[in-house]
Amino acid sequence: MRGELSRRAIVEAALAMIDRDGLEALSMRKLGRALGVEGMALYHHFANKNALIDAVVAAVAPEPPAPTDDWQADLAALSYRYRDAVNAHPNLLPVLLSRPSHHEKAAATLEAQYSALQRAGLSGSALLDAHRTWGSFVIGYLVVEQQGRAASAEWRPVAGSDTPVTASLDAFQAARDWDEQFAIGLHMQFDAIEALANPVDLG
């Protein structure tokens, strides 16, 4: 049976199981059964389940787009490609939040992100400040988006006479969809990066 298996077939089957049943449902025994082999046969290809999950994450990771002369367009493209990948496989989000990725596409993507910010006029600690802040926005937004999409409970804040500002905003709570709000957040990030790269001289 070992010769009939391939790493790609195992990864594809694992991804299908995760997408369908969730990350916690994946086990080598269940996956082996789905592939028509003993679970132990999978260990000829992957040292353990974590190694398999890392391979799944690498398989769905987007390739970074080719750079242009427009750093904002490049960083936006990187943001949207990452968001699209997570939204296509939301059950992998806990893995992305819990440990770093070290595959080749992850390294190339990080270099592309740094390069876009360098073209914005940043370097050194300022570049890292901008990268960490932008990255925190993207990751944080995806967490909120996935919670919002999956939640059956009402997330709208309770507004009453004792919370007048909240009450005044109630009519606007559903004014944006997820795509619009993400675009607005990105542009706010880009404005802050622009200000960091080109500080106003008040002297």
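Every read-out reported here was derived from the displayed coordinates using simple, explicitly stated rules and does not represent laboratory data. Not measured: the values here are computed from a predicted model. Glycine gets a Cβ as well: all are built from the backbone with ideal geometry, and neighbour counts include every protein chain shown.
How would you classify the chain from its alpha-carbon gyration tensor, with a ≥ b ≥ c the square roots of the eigenvalues: rounded for a/c under 1.5, else prolate if a/b is greater than b/c, otherwise oblate? Note, shape of the chain comes out oblate. Can you tell me the orientation of helix 7-21 relative to the chain, as the angle in degrees between its alpha-carbon axis and the longest Cα principal axis, to the nearest 10? Roughly 60 degrees between the two axes.
For segment 124-203 versus segment 49-80, the inter-centroid distance based on Cα atoms is 22 Å. Each Lys or Arg adds one and each Asp or Glu takes one away; over the other residues whose Cβ falls under 13 Å from the Cβ of ALA59, this sums to -2. Between the Cα long axis of helix 124-150 and the first principal axis of the chain there is an angle of about 70°, rounded to the nearest 10. Starting from the Cα gyration tensor of segment 164-203, take the square roots of the eigenvalues, sort them a ≥ b ≥ c, and report rounded, prolate or oblate (rounded when a/c is under 1.5, otherwise prolate if a/b is larger than b/c, else oblate). Judged from the Cα gyration tensor, segment 164-203 comes out oblate (a/c at least 1.5, b/c at or above a/b). Here the Karplus curve 6.51 cos²θ - 1.76 cosθ + 1.60, taken at θ = phi - 60°, turns the phi angles of segment 95-110 into couplings of 5, 5, 7, 9, 7, x, 9, 10, 6, 4, 5, 5, 5, 5, 5, 4 Hz, with x standing for Gly and Pro. When each of the peptides 112-122, 177-187 is scored by how many other beta carbons lie within 10 Å of its residues on average, the order from highest to lowest is 112-122, 177-187.
When only the Cβ of Lys, Arg, Asp and Glu is charged (+1, +1, -1, -1), the dipole of segment 93-170 relative to its Cα centre reaches about 260 debye. Label segment 90-203 by shape, choosing from rounded, prolate and oblate, from the square roots a ≥ b ≥ c of the eigenvalues of the Cα gyration tensor; if a/c is under 1.5 it is rounded, and otherwise prolate applies when a/b is larger than b/c, oblate when it is not. It comes out oblate by the Cα gyration axes. Relative to the Cα centre, the charge distribution of segment 55-203, modelled as +1 at Lys and Arg Cβ and -1 at Asp and Glu Cβ, gives a dipole magnitude of about 480 debye. Between ASP177 and SER27, the modelled labels are 4.1 nm apart [label points 7 Å from Cα along Cα→Cβ]. Given R0 = 30 Å, the distance between the Cβ atoms of THR133 and GLU104 translates into a calculated FRET efficiency of 0.70. Taking all Cα pairs closer than 8 Å and separated by 6 or more residues, the relative contact order of the chain comes to 17 percent.
Shown is the FRET efficiency for ALA51 and ALA73, computed with R0 = 41 Å from the Cβ-Cβ distance and rounded to the nearest 0.05: 0.70. Applying 1/(1 + (r/R0)^6) with r as the Cβ-Cβ distance of ALA150 and GLN118 and R0 = 45 angstrom yields a FRET efficiency of 0.75.
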